[in-house]
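These notes are about the structure you will find just below.
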Amino acid sequence: MQKEYQVIVVGSGPAGAACAKALKNEGVEVLVIEKDKLPRNKTCSGILFGQTQVLLDQYFGGLPPGDVYCSPKIIKAENILEWNKEKGFCTYVWELPKDGQSFPQNFYNTWRSKFDYWLLKESGAVYIDDCKFNNYSVENGRIKVNVSRNDKENIDLYCSYLIGADGGGSRLRPLLDPSFMKIEQAVSIYQAYYRFSDMGSLEDDHWYVFFEPEIGEAISAVSRKDDLLALCVCGFKGRSLKKSMDALKNFLAENFQVALKGMERDEGCVMKMAPPFLGKDNIILTGEAAGMLYLNGEGISTAIDSGYRAGKAVAQGIKKGGNVLEIYGKEIEGILNHMKLCAEKTHFFTA
């Protein structure tokens with residue numbers, strides 16, 4: 001295994017893949033490391049919103065191939081519905097125009113495992129999976145990155161720039177930003193996939209969201225993915241999300257006559273309410289690791305856009321010199337401004 005690269009990217013999701021793509025486009029040698037075995041599942045709706053589609057066309061030359069999608073392939077923006085006991089259904093907005101630009105209103109339904117893996121391969125970068133980032137240090141101007149392969153073999157890799165694209169549970173951010181571990185505002189997310197015998201009054205090309213305090217302190221949702229229904233619940237620390245999931249199942253049965261069968265699989269994550277933090281010296285953070293999310297927690301668009309711009313900034317620093325963090329900060333001003341607008345319009349919590 002080669003031990004030294006110009007850039008090492010931690011995390012192979014959309015932020016890491018987009019960053020690697022930008023670097024490869026500039027002829028920069030880059031390695032992507034991923035802690036899980038690929039392709040891997042991720043707690044996410046897997047919906048490609050309009051802005052994501054525009055970014056994929058701009059940075060990757062088009063949308064994913066057919067095997068990435070699940071049925072129903074298209075969910076229209078008008079068919080994402082919020083339900084209220086008194087008022088019934090109304091449209092739930094999950095994306096805002098950015099810088100005066102509106103985006104496609106037909107959203108694509110994908111499996112995140114397949115989408116992320118396709119994106120990584122499209123980047124053209126060398127990658128190593130089942131490779132966990134442990135720590136880093138700086139030696140003689142080089143960054144030494146300690147990783148574990150297969151949870152056994154410890155390896156030291158070297159680079160000039162290190163990029164953290166490892167999501168909301170970033171292992172790199174706390175090393176740069178100790179205050180990150182002290183952030184108490186966080187939402188736990190639990191998602192499970194169920195076989196079903198009847199969707200009741202729910203329609204399969206819709207996405208339904210609910211704000212029921214007895215289920216959780218934040219949004220809960222249900223949508224179809226092939227022969228499964230994806231159920232998602234959210235809550236603050238101390239809430240049993242397994243009980244919340246049972247409450248959502250009962251809620252769907254009582255109000256919409258949904259008949260579920262066995263669970264296929266489940267997954268979870270924690271989303272911290274962390275302010276943006278871009279990194280330090282030659283170590284850059286991007287995507288959710290940097291605290292970048294759009295309206296109601298949508299993160300694929302910010303991940304792809306900020307990741308690509310991080311790669312461009314590092315490539316410019318390598319080729320032309322200059323402070324990479326300053327270059328990166330200017331590159332993402334539009335993203336940060338849009339985040340502020342999204343924060344004002346957020347409708348994610350039950351109260």
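The values are calculated or read from the model by the stated rules, or taken from the named source; none is laboratory data. In this text, all values refer to a predicted model and were calculated from it rather than measured experimentally. Glycine also receives a Cβ, built like all others from the backbone with ideal geometry; neighbour counts cover every protein chain displayed. Protein only, heavy atoms only, side chains kept; ligands, DNA and RNA dropped before computing areas. Shrake-Rupley method; radii C 1.70, N 1.55, O 1.52, S 1.80 Å.
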Of residues in the range 142-161 being out of contact with any strand residue (DSSP E or B) (no Cβ under 8 Å at 6 or more places or on another chain) and not acidic (D, E), the one most open to solvent (accessible area, probe 1.4 Å): K152
Some residue of the range 111-131 being part of a loop (DSSP other than H, G, I, E, B) and among the aromatic types (F, W, Y): yes
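For the subset of the range 96-106 comprising residues that are assigned to a strand (DSSP E or B) and out of contact with any Ser or Thr (no Cβ under 9 Å at 6 or more places or on another chain), which member is most open to solvent (accessible area, probe 1.4 Å)?
Q101
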Hits in the range 308-322 (condition: buried (at least 23 other Cβ atoms within 10 Å of the Cβ) and free of Cβ contacts under 8 Å to residues at least 40 places away in the same chain): A313
Filter pass, V54 being touching a Ser or Thr at 6+ places or on another chain (Cβ under 9 Å) and within 29 Å of C131 (Cα to Cα): no
Residue list for the range 195-222, filter: touching a Gly at 6+ places or on another chain (Cβ under 7 Å) and within 15 Å of F251 (Cα to Cα): G216
Qualifying residue in the range 158-167 (condition: farther than 24 Å from G13 by Cα and either of a type in the set (K, R) or in contact with a helix residue (DSSP H, G or I) (Cβ under 6 Å, 6 or more places away or on another chain) (or both)): no
Looking only at the range 107-139, and only at residues there that are open to solvent by 20 Å² or more (accessible area, probe 1.4 Å) and more than 24 Å from V68 (Cα to Cα), the one that is modelled with the lowest pLDDT: E139
Subset of the range 293-332 [within 27 Å of E122 (Cβ to Cβ) and of a type in the set (D, E, K, R)]: E298, D305, R309, K312, K319, K320, K330, E331
Extreme residue, farthest from A274 (Cα to Cα), among residues of the range 184-218 that are of a type in the set (G, A, S) and modelled with pLDDT of 95 or more: S197
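Going through the range 75-87 one residue at a time, which ones are open to solvent by less than 60 Å² (accessible area, probe 1.4 Å) and modelled with pLDDT of 95 or more?
Within the range 75-87, I75, A77, N79, I80, L81, E82, W83 qualify.
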Test: residue in the range 23-45 that is over 29 Å from R171 (Cβ atoms), crowded, with 17+ Cβ neighbours inside 10 Å and in contact (Cβ under 8 Å) with a residue 40 or more places away in the chain: no
Count of residues meeting criterion [more than 24 Å from S244 (Cα to Cα), in a strand (DSSP E or B) and in contact (Cβ under 8 Å) with a residue 40 or more places away in the chain] in the range 146-201: 11
Yes/no for S170 being under 25 Å from F277 (Cβ atoms), at pLDDT 95 or above and not aliphatic (A, V, I, L, M): yes
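Here's a check for you: in the range 59-86, which residue that is in a helix (DSSP H, G or I), touching a residue at least 40 places away in the same chain (Cβ under 8 Å) and more than 19 Å from the chain's Cα centre (by Cα) is nearest to A22 (Cα to Cα)? Full working, then the answer.
Residues of the range 59-86 that are in a helix (DSSP H, G or I), as a first pass: 59-60, 66-68, 77-79.
So of that shortlist, the ones also touching a residue at least 40 places away in the same chain (Cβ under 8 Å) come out as 59-60, 67-68, 79.
From the residues that got through so far, the ones that are more than 19 Å from the chain's Cα centre (by Cα) too are 67, 79.
Details: D67: 25, N79: 34 Å.
For the range 59-86, the residue satisfying everything is D67.
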